[in-house]
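Colleague: Mind having a look at this structure? Questions to follow.
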Amino acid sequence: MVRSKGYPEALENKLIDRVLYDSDRSPEFTKVVEEISRTIPHMCYQCGTCTASCPSAPRSTYRIRKFVRRVVMGLENEALTDPDLWLCTTCYSCTDRCPRDIAPTDVIMAMRNLAFKRDIIPVNFLKTVQAIYTTGHGVPNNDVNRAARKKLGLEADPPTTHKFPQYIKGIQKILDYYKLKANADRIVKEREG
Amino acid sequence: MADTKKNKKESPAKKVVKVEGVPQSFSPKKEEEKKQARIGVLICHCGTNIAGSIDIKALEEYTKTLPNVAFVDNYQYVCSTPGQKKITDAIAQHNLTGTVVAACSPRLHEPTFRTATKEGGLNPFRFEMANIREQNSWVHMHDGEGATEKAKDAVRIAVAKASLLEDLIPKSVLVEKAAMVVGAGVAGMQAALDLANAGIKTYLIETLPTIGGRMSQLDKTFPTLDCSQCILTPKMVDVGRAPNIELMTYTEVDAVEGYIGNFDVTLRKKASGVLSMAQAEAMGISGGGCNGCGDCEPVCPVIKPNDFEMGMKPRKAIYISHPQVVPLLYTIDFDSCVKCGLCVTVCGDKKAIDLEMKDEFVKVKVGTVVLALGFELFPIEKKEEWGYKRFENVITSLEFERLICASGPTGGHLVRPSDGKTPKKVAFILCAGSRDNTGIGKPYCSRFCCMYSLKHAHQIIEKIPGVQPYIFYMDIRSFGKMYEEFYYRIQDEGTKFIRGRVSHILEDPATKNLMVHSDDTLLDQPFRLEADLVVLATAVQPSVDTDRTRKLFGVSCSMDGWLLEAHPKLNPCGTTTAGVFLAGVCQGPKDIPDTVASAEGAASAASIPIHMGEVELEPYFAQCIEEKCAGCGMCVNLCPYKALALIEKEGRTVMEVTEAKCKGCGTCGGFCPGGAIWMQHFATPQIIGQIDAFLLGGAQ
Ligand SMILES: Cc1cc2nc3c(=O)[nH]c(=O)nc-3n(C[C@H](O)[C@H](O)[C@H](O)COP(=O)(O)OP(=O)(O)OC[C@H]3O[C@@H](n4cnc5c(N)ncnc54)[C@H](O)[C@@H]3O)c2cc1C
Ligand code: SF4
Ligand code: SF4
């Protein structure tokens with residue numbers, strides 16, 4: 001029953017036009033990404049060293065080489081709307097090894113910035129913004145950490161905003177200036193109600 | 001202007017210049033010097049190359065207003081026969097003293113227009129070129145107005161210089177009827193054989209004790225798979241026998257003086273500790289000298305790694321690197337010899353061994369030189385991610401060649417260095433250190449690794465039943481004759497091709513197997529292979545002594561260290577040092593067919609000056625204005641070509657230029673505190689004239 005019902009739609013899906021038309025490319029996108037990332041993705045020769053170095057690739061569909069290729073070809077929508085964009089761990093293994101001396105990690109960062117401008121961003125990233133806003137930390141200290149630090153002979157709280165909460169104001173000022181917090185709150189609200 | 005005239009009178013062009021075998025030097029006539037300059041200018045359209053962006057008509061009208069211009073015309077292609085005739089005709093019709101062509105780069109057509117100027121009855125050095133193509137229309141294609149203004153400047157400057165040019169007479173020097181080839185790999189051997197067969201006495205210099213180079217280390221050669229030694233040894237034997245070749249192995253170039261036709265080369269014959277039969281004969285030890293019997297080797301107590309076998313086989317302190325060495329002469333490695341004397345005893349009456357032998361210096365004179373210095377592997381351990389020298393079962397391609405070769409350390413059985421077992425899964429990693437812009441590695445393609453890795457895959461399939469070769473590649477560059485067909489054959493034999501560069505290799509410490517990580521870019525999926533053996537198709541770089549040697553001969557190199565040819569397309573064997581030529585890989589990576597072709601080209605080019613008997617030198621020499629020279633001698637040490645010396649003349653110390661050595665670089669002229677050096681064709685008044693014309697416009 002389900003099958004026969006779904007079949008025409010699946011078939012429809014199979015038969016859509018899958019040609020990449022040159023006119024669909026956005027050369028502007030390549031330029032903007034290069035400007036933000038300050039690296040040279042247009043020099044990529046698709047060797048795959050990056051994907052092979054990537055700790056995310058073996059356990060996910062995230063393919064750094066494919067993202068670099070999308071930049072080269074100016075495939076803005078494909079790149080910015082692909083949820084895999086957010087699977088980079090920023091370990092920089094690919095940047096270490098790329099034989100064309102490209103920094104693929106920075107290419108990903110540039111595209112995340114562009115995606116965020118279009119409100120494309122996973123909620124957990126926004127919650128990090130909120131955490132930084134309230135505590136000065138993306139991952140605030142907790143009791144387990146405090147105990148561990150003490151055991152190592154360290155102070156319970158590190159010499160950051162945890163110890164000097166008066167500086168949180170400064171951080172908030174910066175985040176407010178870029179409307180980061182307001183945007184984060186807005187999007188989280190839209191998504192989670 | 002007045003100043004210029006004064007200088008001109010003092011111009012040393014009048015001096016009679018002494019160069020052996022040279023016709024009487026030129027001295028300009030007084031009247032001619034005073035003659036008001038009359039310059040003819042021809043503006044070239046170069047089709048639309050120039051006329052497409054520069055307004056020829058406007059340029060022509062402007063040129064007419066310049067001082068000293070007696071004639072202006074333009075033409076579609078000035079380099080064509082009718083174009084050149086315009087120059088020739090104008091000289092007579094308008095009684096010109098100099099010519100200017102505004103066109104392309106002087107590198108292309110200066111000789112053409114000089115000839116045309118000469119045919120019109122003027123000294124060819126009264127021609128000046130304004131480059132309005134490479135340096136103008138091509139780079140300002142979208143700014144016609146700006147380009148036209150810039151062209152006006154260029155023409156005005158050229159006219160200013162042409163107005164001050166003088167007659168110059170090229171000197172010629174005799175050429176020594178002998179050549180030298182440095183490096184005796186397949187390139188050097190081929191060049192030496194060609195030169196010798198053309199009747200030229202040739203000194204072949206090799207730093208190692210044997211000739212043959214890298215090719216003698218190879219097992220088989222792509223794409224025909226013939227045995228490398230089998231095709232090389234006949235040539236090695238020919239080199240050893242050729243009456244016109246004086247083979248000097250274990251010898252280095254120590255110093256070079258002179259110039260085309262007359263290079264005085266000092267060679268250092270490194271102490272080999274062993275006398276050849278000829279040397280022994282000359283020393284009165286009749287029937288003595290090394291006959292290659294090898295009795296000495298077993299008694300020598302010192303064991304060292306054999307470089308020829310990539311260190312995978314031992315040799316003694318007294319050794320030959322392999323059985324087919326030419327010349328067949330043992331050599332003592334004095335860095336490791338303990339001078340126990342056991343070899344001397346066993347050598348007996350042949351008295352071939354001299355443990356006290358010292359380096360010897362010999363001087364030879366040659367007319368031309370071919371450099372064939374070859375290559376070595378890039379130290380691939382610097383790419384730490386592949387683990388060479390950390391993981392035993394990661395080897396280089398040259399180590400593979402020795403391991404698969406029947407005369408190699410394992411008798412041709414490919415084994416894993418860790419346990420001597422036969423590998424069943426072998427990964428060949430292409431572009432290991434090549435096409436790499438990280439700064440650790442080489443930006444260029446090493447050119448022969450694709451093809452030899454295909455060959456390697458074939459060799460293991462042939463020798464090891466059940467083996468599976470994997471080739472990790474980005475592109476397979478199989479561009480030569482029958483090369484693509486070879487690629488087809490290897491794929492057909494069952495080699496797996498993985499299109500992806502290897503990111504890193506990890507070793508299983510228990511099995512010493514290697515986990516090879518790459519991306520199967522065609523599937524868009526990370527790919528992992530547990531291999532028994534990894535072969536790195538390692539990038540190549542210039543051999544270790546290349547830089548020192550090239551500097552002795554005044555040859556430049558490109559950014560990557562390979563020796564620089566005079567022109568990459570039109571003069572690939574020549575260098576910017578007249579009389580020095582390049583053969584083989586030292587100019588850039590080449591496989592054997594290309595190496596041999598380049599060697600034959602270099603030999604042919606090097607034989608031309610020798611067969612001509614004399615060569616003409618461009619007369620851009622420095623000249624000393626003796627009245628002004630204080631004899632301080634500062635310039636003598638500055639000259640990079642050792643062309644200057646102090647001499648005593650009429651009770652004074654003055655500087656003298658050996659014109660054949662001077663390259664006209666101007667270092668001395670720019671430095672001389674007394675302004676005593678006159679750079680012919682680039683004299684101070686001429687250059688000041690150009691600067692004035694540029695800064696002050698047409699009026700001056
Ligand atoms: C692993 C591997 C496999 C290969 N397989 C193939 C193949 O199958 N087919 C093919 O066509 N090509 C192959 N090649 C390429 C081939 O080796 C080269 O084309 C060839 O050796 C180049 O010859 P050459 O004379 O220019 O340089 P070399 O062979 O390097 O010879 C240079 C010689 O000059 C000497 N020398 C260096 N500096 C000085 C100095 N300053 N003074 C005096 N002497 C000096 C050196 O000792 C050496 O003897 C292979 C290369 C490698 C690395
Ligand atoms: S490693 Fe560099 S060159 Fe290779 S595919 Fe990735 S970005 Fe491109
Ligand atoms: S620097 Fe000038 S003054 Fe001194 S020796 Fe050289 S030419 Fe003569």
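Colleague: If the reach is capped at under 23 angstrom between alpha carbons, list the lysines near A:LYS163, excluding any in the same chain fewer than eight residues apart.
Modeller: Output for A:LYS163: A:LYS127, A:LYS150, A:LYS151, A:LYS173, A:LYS181.
Colleague: Between A:LYS173, A:LYS117, A:LYS127, where does the largest GNM mean-square fluctuation fall for chain A, given springs only between Cα atoms within less than 10 Å?
Modeller: Greatest mean-square fluctuation among the candidates belongs to A:LYS173.
Colleague: What quantity of accessible surface, computed with a 1.4 Å probe and excluding non-protein components, is buried in total between chains A and B, in Å² to the nearest 100?
Modeller: Chains A and B together bury approximately 1500 Å².
Colleague: What FRET efficiency, computed as 1/(1 + (r/R0)^6) with R0 = 22 Å and r the Cβ-Cβ distance, is obtained for B:ASP254 and B:MET357, rounded to the nearest 0.05?
Modeller: 0.80
Colleague: Considering every residue in B:467-480, what mean count of other chain Cβ atoms within 10 Å of its Cβ is obtained?
Modeller: 1
Colleague: Can you give me the three principal axis dimensions of chain B from its C-alpha atoms, in Å, biggest first?
Modeller: So the three principal-axis extents are 88, 74, 42 Å.
Colleague: So how exposed is B:CYS665, as accessible area in Å² (1.4 Å probe, rounded to 10)?
Modeller: Number for this one is 70 Å².
Colleague: Report, by chain and number, residues whose modeled amide H sits under 5 Å from the one on B:PHE375, excluding near sequence neighbours (fewer than 5 apart, same chain).
Modeller: Close amide H contacts, sequence-distant or interchain: B:SER543.
Colleague: Which values, in whole Å and largest first, are the semi-axes of the equivalent ellipsoid of region B:519-577 obtained as the square root of 5 times each eigenvalue of the Cα gyration tensor?
Modeller: 40, 17, 8
Colleague: Within 10 Å of each Cβ of B:521-527, how many other protein chain Cβ atoms are there on average?
Modeller: Partner Cβ neighbours, averaged per residue: 5.
Colleague: Evaluate the relative contact order of chain B (contact order divided by residue number), counting alpha-carbon pairs under 8 angstrom at least 6 apart; express in whole percent.
Modeller: That works out to 13 percent.
Colleague: Return the calculated 222 nm mean residue ellipticity for the protein assembly as shown, to the nearest 500 deg cm²/dmol, obtained by summing -39500 (n - 2.57) across DSSP H runs with n ≥ 4 and dividing by the residue count.
Modeller: Value at 222 nm, helices only: -10000 deg cm²/dmol.
Colleague: Now for a separate question. Out of residues 5 or more away from B:ALA432 or on other chains, whose amide H comes under 5 Å of its own, with H placed 1.01 Å from N in the peptide plane?
Modeller: It is B:ALA537, B:ALA539, by chain and number.
Colleague: With the crude spin-label approximation of a point 7 Å out along Cα→Cβ, what separation in nm comes out for B:GLN525 versus A:GLU155?
Modeller: Spacing of the two 7 Å Cα→Cβ label points: 5.4 nm.
Colleague: Same structure, new question: What do you get for Rg/Rh of region A:123-192 when both radii come from the Cα atoms and Rh is the Kirkwood radius?
Modeller: My calculation puts Rg/Rh at 1.08.
Colleague: Report relative contact order for region B:379-541 in percent, whole number only (criteria: Cα-Cα under 8 Å, sequence separation at least 6).
Modeller: Relative CO of region B:379-541 lands at 29 percent.
Colleague: Would you mind calculating the relative contact order of chain A from Cα pairs under 8 angstrom and at least 6 residues apart, reporting the percent as a whole number?
Modeller: After rounding, I find 17 percent.
Colleague: Taking chain A on its own, what percent of its Cα-Cα pair distances exceed 26 Å?
Modeller: 52 percent
Colleague: Let me ask you something else. What fraction, in whole percent, of alpha-carbon pairs in region B:622-679 exceed 16 Å separation?
Modeller: So the portion of pairs separated by more than 16 Å is 29 percent.
Colleague: Of all DSSP beta bridges located in region B:379-541, what percent are antiparallel, nearest 5?
Modeller: Given both bridge residues lie in region B:379-541, the antiparallel proportion sits at roughly 40 percent.
Colleague: If you place +1 on the Cβ of every Lys and Arg, -1 on the Cβ of every Asp and Glu, and leave all else neutral, what size is the dipole of the protein assembly as shown about its Cα centre, to the nearest 20 Debye?
Modeller: Dipole of the protein assembly as shown, to the nearest 20 debye: 1640 debye.
Colleague: Hey, can you find the accessible area per residue of chain B for me, probe 1.4 Å, expressed in square angstrom?
Modeller: Accessible area per residue, chain B: 44 Å².
Colleague: Just from the alpha-carbon atoms, what are the Rg and Dmax of region B:446-575 in angstroms?
Modeller: In Å, with Rg to one decimal and Dmax whole: 19.2, 57.
Colleague: Rounded to the nearest whole Å³, what is the per residue volume of the convex hull around the Cα atoms of region B:271-358?
Modeller: Dividing the Cα hull volume of region B:271-358 by its residues yields 90 Å³.
Colleague: Shifting gears a bit: Using only the Cα atoms of region B:379-541, what are the Rg and Dmax in Å?
Modeller: So, for region B:379-541, Rg and Dmax equal 14.8, 45 Å respectively.
Colleague: Over 23 Å between Cα atoms, which of B:LYS86/B:LYS663; B:LYS220/B:LYS425; B:LYS269/B:LYS316; A:LYS66/B:LYS455; B:LYS177/B:LYS270; A:LYS117/A:LYS179 qualify?
Modeller: B:LYS86/B:LYS663; A:LYS66/B:LYS455; B:LYS177/B:LYS270
Colleague: How would A:PHE125, B:PHE127 line up by accessible area, probe 1.4 Å, largest first?
Modeller: A:PHE125, B:PHE127
Colleague: Taking the Cα centre of the protein assembly as shown as the origin and placing charges on Cβ (Lys, Arg +1; Asp, Glu -1), which of A:ALA79, B:ALA184, B:ASN306 is farthest toward the positive end of the dipole?
Modeller: The residue sitting farthest along the positive end of the dipole is A:ALA79.
Colleague: Not counting ligands, DNA or RNA, and with a 1.4 Å probe, what is B:HIS109's accessible surface area in Å² rounded to the nearest 10?
Modeller: 50 Å²
Colleague: Could you list which residues have their amide H under 5 Å from that of B:GLY258, counting only those 5 or more apart in sequence or on another chain, with H placed in the peptide plane?
Modeller: When sequence neighbours closer than 5 places are left aside, the close amide H contacts are B:ASP264.
Colleague: Which whole-Hz ³J(HN,Hα) couplings does region A:51-58 yield from phi under the Karplus relation 6.51 cos²θ - 1.76 cosθ + 1.60, θ = phi - 60°, glycine and proline marked x?
Modeller: 4, 5, 8, 6, x, 7, 4, x
Colleague: Here is a further query. Give a residue-ordered list of calculated ³J(HN,Hα) values for region B:573-582 (Karplus: 6.51 cos²θ - 1.76 cosθ + 1.60, θ = phi - 60°; whole Hz; x for Gly, Pro).
Modeller: Ordered by residue, 3J(HN,Hα) equals 9, x, 10, 7, 8, 4, x, 10, 10, 10 Hz.
Colleague: Considering only protein heavy atoms and a probe of 1.4 Å, how much of the accessible area of chain A is carbon and sulfur, as a whole percent?
Modeller: Result for chain A: 56 percent of the exposed heavy-atom area is carbon or sulfur.
Colleague: I want to verify a result. In a Gaussian network model of chain A, Cα cutoff 10 Å, which of these has the top mean-square fluctuation: A:VAL33, A:VAL129, A:VAL68?
Modeller: Looking only at A:VAL33, A:VAL129, A:VAL68, the biggest GNM fluctuation is shown by A:VAL129.
Colleague: Taking the dipole about the Cα centre of chain B, with the C-beta of Lys and Arg at +1 and of Asp and Glu at -1, give me whichever of B:LEU247, B:MET482, B:LEU529 is farthest to the positive side.
Modeller: B:LEU247
Colleague: Which order do you get for A:TYR62, A:TYR45, B:TYR488 if you rank them by accessible area with a 1.4 Å probe, largest at the top?
Modeller: B:TYR488, A:TYR45, A:TYR62
Colleague: Could you give the Stokes-Einstein D for the protein assembly as shown in µm² per second, using the C-alpha Kirkwood radius, 25 °C, 0.890 mPa s?
Modeller: Result for D is 72 µm²/s.
Colleague: List the aspartates and glutamates whose alpha-carbon lies under 17 Å from that of A:LYS31, not counting same-chain residues fewer than 8 positions away?
Modeller: A:ASP22, A:GLU76, A:GLU78, A:ASP106
Colleague: Let me ask something else. Considering only protein heavy atoms, with the full assembly of protein chains and a 1.4 angstrom probe, order A:TYR21, B:TYR470 by accessible area, largest first.
Modeller: Greatest to least solvent exposure: A:TYR21, B:TYR470.
Colleague: Roughly what % antiparallel, to the nearest 5, for the DSSP beta bridges in chain B?
Modeller: 50 percent
Colleague: Of all accessible surface on region B:345-397 at a 1.4 Å probe, what whole percent is carbon and sulfur?
Modeller: 51 percent
Colleague: Please list, or write none, the aspartates and glutamates whose alpha carbon is within less than 16 Å of the alpha carbon of B:LYS304, excluding same-chain residues fewer than 8 places away.
Modeller: Candidates past the 8-residue exclusion: B:ASP333, B:ASP335.
The values are calculated or read from the model by the stated rules, or taken from the named source; none is laboratory data. Keep in mind that what you see is a predicted model, and the values were worked out from it rather than measured. We place every Cβ from the backbone using ideal geometry, glycine too, and count neighbours over all the protein chains shown. Heads up: the accessible areas ignore ligands, DNA and RNA and are worked out on the full protein's heavy atoms, side chains in. Shrake-Rupley method; radii C 1.70, N 1.55, O 1.52, S 1.80 Å.
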